[in-house]
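The structure appears below as structure tokens.
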Protein chains: 2
Amino acid sequence: MEAAGRVVSALPFELAVQLFDEPELGRRGEIVEQLSVAVAAPLVDALSADQQVELYREWSPEGRTKLLPFLQAATRETLRALMNYPPASAGGIMTTEYVGIPATWTADAVKRYIAEVGEAKETVYAIYILDPAENTLQRVISLREVMLVPGSTVVTEIGDDRAPISVDPLVDREDAARLISKYNLLALPVVDDHRRMLGIVTVDDIIDALVSEQTEDVQKLGGMAAIDESYLQITPLEMLRKRGGWLAILFVGETLTAQAMGYFQHEIERAVVLSLFIPLIISSGGNSGSQSTSLIIRALALNELSLRDWWRVVIREIPTGLALGTMLGAIGFCRILLWQFFSMKHWTLFGAALGQNYGPHYMTVALTVFTSLIGVVTFGSLAGSMLPFILRRFKLDPASASAPFVATLVDVTGLVIYFAVASVLLLR
Amino acid sequence: MEAAGRVVSALPFELAVQLFDEPELGRRGEIVEQLSVAVAAPLVDALSADQQVELYREWSPEGRTKLLPFLQAATRETLRALMNYPPASAGGIMTTEYVGIPATWTADAVKRYIAEVGEAKETVYAIYILDPAENTLQRVISLREVMLVPGSTVVTEIGDDRAPISVDPLVDREDAARLISKYNLLALPVVDDHRRMLGIVTVDDIIDALVSEQTEDVQKLGGMAAIDESYLQITPLEMLRKRGGWLAILFVGETLTAQAMGYFQHEIERAVVLSLFIPLIISSGGNSGSQSTSLIIRALALNELSLRDWWRVVIREIPTGLALGTMLGAIGFCRILLWQFFSMKHWTLFGAALGQNYGPHYMTVALTVFTSLIGVVTFGSLAGSMLPFILRRFKLDPASASAPFVATLVDVTGLVIYFAVASVLLLR
């Protein structure tokens, strides 16, 4: 860390600014904190506004107090304005360096203005026409459109007349990403309730946001808290914290299976053969649940489904679950009869090694497995598909409905279904 | 479908072109196939090259034969050139409509050229300086840079002198996305082995590609084949195919647990109490495995880890697994002793309801669960973290290492570890 600080101090200033203007540089905040205030302050002042905020977020309270008085007034103002927004909101990733012009300008005036101030702007390709008094957003034109018209054209004559697409600063960055992607924008204006221009979210920020969201999603789906650091950088303690929390919750949930199994202990004693298929039965419920969960998580994230559509999902998942369950049930049924057959006729070495004798009631055992699988897979599909809806309903991230979470929910029910079927068919 | 065709025929031409130039419009290919050739051909000719290719991919062989002769020669040429590349490659999503200029032009000439042809180009913000004879890519400048310099500046004097970043057409679209995101590009040039310019991949295409990749990843992690259609659009048969395949494979893999349980049937008969904790033990292995799998999948996707780093992961996962296993083991140990205590002292209704009597050897049972959990969680973490490496090594997508896949792998081993520990501690 200290060594990194010395390297930065020795770099040409322009290069250092370029380096720190990229979110890809790991631990930027820590490195800047290591620098002397005389080196750090001008560096931070020279960064783009969104990167200043990102750095600022990474500093320790002491670092902030140390550095803040040495920053330019404009930088402090930006930090104060932007730090109000949560890091994963449009306001949290926006920048205030956009090209804003009055409605009276001509195309030539815009080109001259860009030639003058273009270097300092995050993008010059989206141009925002603002009311000079109120600073409200009136229209958005693109530099391409400006290039295509005669120089004397007034900017309000350029492009189409539709109201510009904009977002509230508190909108989630994923929703901002969706708008940028849907309308193929280069930047998305962020406005307040009075349509006053606050800043822009650029396509670069959105790509970075999409990549982070994807990482978060994959980690949550794996049944753990999302981590910011890369795998090799995270400290062992942090790793245990991020994984241990969820693992312990899932474990405690899963102890309910021991509870359930306790109630069926008597049944197991009567027919130990039942215990052989417990892992098979409950994992099938978990697997089908995990499939429907991942389908629904994605459909919700892409707005293909809304909360109100839950019943459409129910009427699709029940037949799907029944069909999949019947398929697995049939495989299980054949598997049991086949192995029983192997155990009775030892005519091949292969059969002798594989064969398992399930006792005199092997046919009833096979039927029990068949019937339970239909029930368990259908229940799994249904529970797995409803979980993301329930999480969304309670304003939680549907991506938290990880495969392990679904499996834990479905395991107890799977056991209950299996032993209920066994009581009717096998243990009368 | 037919109705959609009639609607399109009735639309103003410009609006129809805008509509079909967006990949968001579902089933575009089918709708265009429904149109009469006289309506469809000019519409397709007017689309951007990358969208022409995407539409063309969606057509049936009959549709292609019907429409192809009526398209302009230039469109047919584009289709022939671009259809050579796989849909998920840079070549498959690139467009041939970029701004290419000779090295001798001035900034003013570039601006005049853009004013003239800009409308037809996918982007005018990235400008490619090409060798006029060979069509090889020499430099990339941005329109912003052109705007900042005096009009008489020769383009080779603009911007920095570094060799432009470019990709081979066969590079995966995800790698192209990574380059665009890393270098904050608006477009990425695609060149052949001789650095001849083939086309550009724009940031819009990349966002669309990222979103599709994310959907694919989430679905694969849920243990199913990726689907293209949205949840409510996919036909029931297609849904069964995409889910049933993986579900059946996982089920057959999971039947190994029944095989394993068969070998331990004798142990279960001797101590039925052992069966109570089977779901708990194996699911803990699956959960910890699913966590490390998702961590490694993401680290590999972001190039934070390469194949050679597998041993770094091993030396991190073993202590992590031991620590997490000890934690879960301790919870399990306390849980067993507590419930045993409840069952012995019925002084509360709560205790009476919860209590479970694990027999005279309850302490040994608790120790068996404790010890097995350490082994199972450590093995799960290790197996889960290695699986994505193995898949990548065999050129398969690491994201196929879904939580259900990992759980299936780990379940049999979990049973073996559990019964091995039980044989030593409990069943001597």
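Each value in this text was obtained by applying a stated rule to the coordinates, not by laboratory testing. Computed from a predicted structure; not experimentally measured. With ideal geometry, Cβ positions are generated from the backbone for all residues, glycine too; neighbour counts draw on all protein chains shown.
Can you check what the net charge comes to around residue A:238, using other residues whose Cβ is under 10 Å from the Cβ of residue A:238 (Lys, Arg +1; Asp, Glu -1)? If you can, show how the numbers build up before the last one.
Values: positive: A:241, A:242, A:243; negative: A:228, A:229.
That sum, taken over residues with Cβ under 10 Å, equals +1.
Magnitude of the Cβ-charge dipole of region B:297-345, K/R +1 and D/E -1, about the Cα centre, nearest 20 debye?
On the way: 6 positive and 3 negative charges, 31 e Å.
Once rounded to the nearest 20, the dipole reads 140 debye.
Once you have a ≥ b ≥ c as the square roots of the Cα gyration tensor eigenvalues for region A:223-340, tell me rounded if a/c is under 1.5, and otherwise prolate or oblate according to whether a/b is larger than b/c. Spell out each step's value before the answer.
On the way: a/c = 2.26, a/b = 1.26, b/c = 1.80.
Oblate.
Considering only DSSP beta bridges whose two residues both sit in region B:99-217, what percent are antiparallel, to the nearest 5? Working shown, then result.
Details: 12 of 17 bridges.
Of the beta bridges lying entirely in region B:99-217, close to 70 percent run antiparallel.
Could you give the angle, 0 to 90 degrees to the nearest 10, between helix B:173-182's Cα long axis and the longest principal axis of the Cα atoms of chain B?
80 degrees
Can you bin region B:99-217 into rounded, prolate or oblate? Criterion: square roots of the alpha carbon gyration tensor eigenvalues sorted a ≥ b ≥ c, rounded for a/c under 1.5, prolate for a/b above b/c, oblate for the rest. Present the calculation step by step, with values, prior to reporting the outcome.
Details: a/c = 2.14, a/b = 1.72, b/c = 1.25.
Here region B:99-217 falls in the prolate category.
Can you give the net charge of the other residues whose Cβ lies under 12 Å from the Cβ of residue A:310, counting K and R as +1 and D and E as -1? If you can, show how the numbers build up before the last one.
Working: positive: A:308, A:312, A:316, A:392, A:393; negative: A:309, A:317.
Net charge in that neighbourhood comes out at +3.
Roughly what % of DSSP beta bridges within the protein assembly as shown run antiparallel, to the nearest 5? Please report the intermediate quantities before stating the final value.
On the way: 28 of 38 bridges.
Of the beta bridges lying entirely in the protein assembly as shown, close to 75 percent run antiparallel.
Set the bar at 28 Å for Cα to Cα. Now go through A:121/A:395; A:121/B:121; A:111/B:121; A:121/B:182; A:242/B:395; A:121/A:220 and name every pair that lies beyond it. Show your work: numbers first, answer last.
Values: A:121/A:395 36 Å; A:121/B:121 24 Å; A:111/B:121 20 Å; A:121/B:182 19 Å; A:242/B:395 30 Å; A:121/A:220 36 Å.
Over 28 Å apart, Cα to Cα: A:121/A:395; A:242/B:395; A:121/A:220.
Which distances, in nm and shortest first, link the residue B:11 label point to the same label point in every other copy, taking 7 Å along Cα→Cβ?
Taking the point 7 Å beyond Cα along Cα→Cβ, the inter-copy spacings are 4.8 nm.
Take every DSSP beta bridge whose two residues both sit in chain B, then give the antiparallel share in percent to the nearest 5.
Details: 14 of 19 bridges.
If I count the DSSP bridges inside chain B, around 75 percent turn out antiparallel.
Report, in debye and to the nearest 20, how large the dipole of region B:99-217 comes out about its Cα centre when Lys and Arg carry +1 and Asp and Glu carry -1 on their Cβ. If you can, show how the numbers build up before the last one.
Numbers: 11 positive and 22 negative charges, 116 e Å.
In debye, rounded to 20, region B:99-217 gives about 560.
Say the dipole of region A:236-425 comes from +1 at the beta carbon of Lys and Arg and -1 at that of Asp and Glu; which of A:340, A:279, A:408 then lies farthest toward its positive end?
It is A:408.
For chain A, what does -39500 (n - 2.57) per DSSP helix run (n ≥ 4), summed and divided by total residues, give at 222 nm, in deg cm²/dmol to the nearest 500?
Details: 19 runs with 265 residues, N = 428.
So the helix-based figure for chain A works out to -20000 deg cm²/dmol.
Using only Cα atoms, tell me the angle between helix A:310-344 and the longest principal axis of chain A; keep it within 0 to 90° and round to the nearest 10.
Tilt relative to chain A: about 40 degrees.
Tell me, what is the percent relative contact order of chain B, built from C-alpha pairs under 8 Å that lie six or more residues apart? Walk me through the numbers on the way to the answer.
Numbers: 610 pairs, mean separation 54.2, N = 428.
The value is 13 percent.
What does the copy distance list look like for residue A:196, label position 7 Å along Cα→Cβ, in nm and ordered from shortest?
Output for residue A:196: 5.8 nm, nearest copy listed first.
Answer rounded, prolate or oblate for chain B, using the Cα gyration tensor with square roots of eigenvalues a ≥ b ≥ c: rounded when a/c is under 1.5, else prolate when a/b is larger than b/c, else oblate.
It comes out prolate by the Cα gyration axes.
Which residue of chain A is nearest the rotation axis onto chain B, counting by its Cβ, and what is the distance in whole Å?
Axis-proximal residue of A, distance in whole Å: A:403, 2.
How far, in degrees from 0 to 90, does helix A:203-221 lean away from the longest principal axis of the Cα atoms of chain A, to the nearest 10?
Its long axis makes an angle of about 20 degrees.
Distance from the Cα centre of region A:287-361 to that of region A:52-102, in angstrom?
Centre-to-centre (Cα) distance: 53 Å.
Which one of B:268, A:93, A:189 is farthest out on the positive end of the charge dipole of the protein assembly as shown, using unit charges on Cβ (Lys, Arg +1; Asp, Glu -1) and the Cα centre as origin?
B:268
Within chain B, which is the longest segment containing none of the GluC sites (Glu not before Pro) that sit in a DSSP loop and have at most 13 other Cβ atoms within 10 Å? Spell out each step's value before the answer.
Working: sites that count: B:24, B:134.
Longest gap between qualifying sites, sites excluded: B:135-428.
With a cut-off of at most 11 other beta carbons within 10 Å, and DSSP calling the residue loop, which chymotrypsin sites (Phe, Trp or Tyr not before Pro) in region B:353-396 qualify? Please list them. It would help to have the intermediate numbers written out before the result.
Numbers: sites: B:358, B:362, B:370, B:379, B:389, B:394; in loops: B:358, B:394.
When the chymotrypsin sites (Phe, Trp or Tyr not before Pro) of region B:353-396 are filtered for loop state and at most 11 Cβ neighbours within 10 Å, B:394 remain.
What are the nm distances, shortest first, from residue B:236 to its equivalents in the other copies, labels at 7 Å along Cα→Cβ?
5.5
Place a +1 charge on the Cβ of each Lys and Arg in region B:4-97 and a -1 charge on the Cβ of each Asp and Glu, then give the dipole magnitude about the Cα centre in debye, rounded to the nearest 20. Mind showing how you got there, number by number?
Values: 8 positive and 13 negative charges, 68 e Å.
Roughly 320 debye for region B:4-97.
In a shell of Cβ-Cβ distance under 11 Å around residue A:127, excluding residue A:127 itself, what net charge do Lys and Arg (+1) and Asp and Glu (-1) give?
Values: positive: A:111, A:121, A:139, A:144; negative: A:145.
Result for the neighbourhood of residue A:127: +3.
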